[in-house]
Amino acid sequence: MTKTLALAALALCIAGAPTLAFADDACMTQSMDKKLAGAAKTSFMTKCERTSCQAQAADKKLHGAAETSFVKKCIKDAMTM
């Protein structure tokens, strides 16, 4: 049982990085579908990426300071892509 949980945790960690790139692509696609530009696009992208990062934190069952730190780093990484 412990080995199964450890393997599952490892798989989630490995799968996390491509998920961030996918979220960024999904947000960009949605903004293009809505034909957003300028400040509206920036605002939408920030909110979309924050929502995506919060969902990832929930999937990892993070709470409190760990969740805040993860979301902050996730958003920063997404904005630099």
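Look at the stretch 25-49: where a residue is surrounded by fewer than 13 Cβ atoms within 10 Å (Cβ to Cβ) and a partner is part of a helix (DSSP H, G or I) and not acidic (Asp, Glu), sitting 6+ places away or on another chain with Cβ atoms under 8 Å, you get LYS34/PHE44. Number of residues in the stretch 1-48 that are modelled with pLDDT of 60 or more and out of contact with any Leu (no Cβ under 7 Å at 6 or more places or on another chain) equals 24.
When the stretch 36-81 is filtered for residues that are outside any helix (DSSP H, G or I) and within 14 Å of ASP25 (Cα to Cα), only MET81 remains.
The values are calculated or read from the model by the stated rules, or taken from the named source; none is laboratory data. Predicted model, so just to flag it, every value in this text is computed and none were measured. Virtual Cβ from ideal backbone geometry, glycine too; neighbours counted across all protein chains shown.
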